[in-house]
Every structure is written in structure tokens, then in C-alpha cells.
Amino acid sequence: MKGLRTARRAGSRESADAGAVAGAHARARWPDRLARLLPHPAGTPFTFCYGLVLVATSLFTAYGDPATVAALLRGSSTDVAHLATAPPLVLVASALWIAGGLASPYALGFVLVLTALERRIGGRRTAGVFLGGHLVATLATEIPVGLWVMAGRLPETSLHRLDYGISFGLLASVGALAGLYAPVARTALLVCVSALLARDLLAYEDPLGNWGHVLALLAGVATWPLLPGRPRPLPRPRPRRQTSAGAGS
């Protein structure tokens, strides 16, 4: 009996030691997990370099000469007037600014979403998703404005609407990232983002930009078939053939 009790005590101590070691390893992994949420020049070079540019332009917006900042933002606007004269320039320049600066939710969303996306599909594909969403949503919202002005349904001042920021590219990246998640996480992400977009549409403060966000999200979802590492649906089991009782006799 004494030997049995000793063996039980030894087993309990070993289990406790194993649990303590496992807990220590789990705590040690937390810094690594948190670090993976942030961009790194080696692991996510596109997000890291692009993020540095956005930090620089945001600081300039906050502390630069107001007149110079206003002139640069007007020159970077993807309004109809600029798209008609220098489309490549303004499409790139408009994505160099964060509407609202570093305090904007878009800044945090950029870091988390693009870092996660780039770690899964690489820098080139992430850049393609971001810029593609930015391009599609911009043209899909600004071209109708030009047509409505030509038809006399909008004033000519609508041709010079101030429009810049990373929100279209960010929403496209969210849509693409959702396709890389398992069905439950994918649905939860899309439902949450769609609810926020619906709230903005109902508020009707910036309907053109809000519809652009919806189109950008859909553009990101449209890239799912092209994304590597996307979860594939499990193949359906083939029905077994039923053989008659007299088969083979």
C-alpha cells in the first residue's frame, strides 16, 4: 500500500510539473503571437513599407502647414475632374493618405487586416487585392457622377468632390481575408463588416463613399477563387452501389 501511495504522489507531481511547463510555454508564446499581428520588414514587407508611408503622410497632415496639406489633398483627390486628366497619378496619390489620420479606425484596420492577409498570400497578391479594390470602387463611384453631371442631374461642383484615403483598398482586403478563414469565422467577419456598412448607408452622410465601401468588399470577395491556401469544401461521399441479392450467382 505504501508503494502504491508513493507511486500516486509521484504521478501527481509529474502531472503538476507537466502542467506548469505547458503553462509556461503558453505564456512564452503570447509575445510571438502578438508580434505576428504587426507588420515586419521580413515577413510582411508590403504592409510594413506601405504603413511607414502612411505614418509619414499622417504626421505631415497633422503637423504640416495647413494650406500645403489642403492643396496636396485636393491634388490627390480621385474626383471626376482629376480622373479625367491624370487618372494614374491620382489613383496612386489618393491611397497615400488616411482619412482621419492615425487616430482613424482605418489605421488600425490597415495594420491588422493587411498583415494577416500578407502572411497568408504574400506581398504581391496583397498589393493586387488592395490596389484592385481601390481602383474598382473608385471608378464605380466616380464614373456615374460624371455621367449624372453630363445629364444635368448633378451640379458641376460634383466634379470636384474631395475623395481620398485607403478605405476602399482596406475593405477589399477584408473581403479577401474572409475567404481564407474557416466557414464560421468567415461568416462572422462578413456579418460584422456588413452590419457596419449598412449602418453607414442608413446614416446617409456620405452615400457615394459608403456604396464604394460595399463595392470594395464585394471586389475582395470576388478574389476568393484566385487566393492560394483557401479552405476547400470537403468532397461529398459517393453513394454506395446497392447490389441485388442474386448478383454474381
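Structure summary
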| quantity | calculated |
| --- | --- |
| Unique residue being more than 22 Å from Trp97 (Cα to Cα) and open to solvent by 50 Å² or more (accessible area, probe 1.4 Å) when the list is Leu190, Leu202 | Leu202 |
| Residue that is nearest to Leu72 (Cα to Cα), among those in region 123-165 that are among the acidic types (Asp, Glu) and in contact (Cβ under 8 Å) with a residue 24 or more places away in the chain | Asp163 |
| Scan of region 57-73 for residues that are open to solvent by 40 Å² or more (accessible area, probe 1.4 Å), in contact with a helix residue (DSSP H, G or I) (Cβ under 7 Å, 6 or more places away or on another chain) and among the polar types (S, T, N, Q), ordered by number | Thr61 |
| Scope region 205-235; condition farther than 12 Å from Ser167 by Cβ, at pLDDT below 95 and open to solvent by less than 20 Å² (accessible area, probe 1.4 Å); matching residues | Leu227 |
| Residue count, region 54-68 (criterion: within 24 Å of Thr141 (Cβ to Cβ) and free of Cβ contacts under 8 Å to residues at least 60 places away in the same chain) | 3 |
| Enumerated helices (runs of 4 or more DSSP H) restricted to region 28-90, each holding at least 3 residues that are more than 16 Å from Leu114 (Cα to Cα) and touching a His at 6+ places or on another chain (Cβ under 9 Å) | 66-76, 80-85 |
| Test result for Ser94, open to solvent by less than 30 Å² (accessible area, probe 1.4 Å), closer than 22 Å to Leu196 by Cα and among the polar types (S, T, N, Q) | no |
| Selection from region 74-91 of residues that are touching a residue at least 60 places away in the same chain (Cβ under 8 Å) and surrounded by fewer than 16 Cβ atoms within 10 Å (Cβ to Cβ) | Arg74, Ala84 |
| Subset of region 151-178 [assigned to a loop (DSSP other than H, G, I, E, B) and under 27 Å from Leu96 (Cβ atoms)] | Arg161, Leu162, Asp163, Tyr164, Gly165, Ile166 |
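The values are calculated or read from the model by the stated rules, or taken from the named source; none is laboratory data. It should be emphasised that the depicted structure is a prediction, and the values quoted were computed from it without experimental measurement. No Cβ is skipped: glycine too gets one built from the backbone with ideal geometry, and neighbour counts run over all protein chains shown. All accessible areas refer to the heavy atoms of the entire protein, side chains included, with ligands and DNA or RNA removed. Shrake-Rupley method; radii C 1.70, N 1.55, O 1.52, S 1.80 Å.
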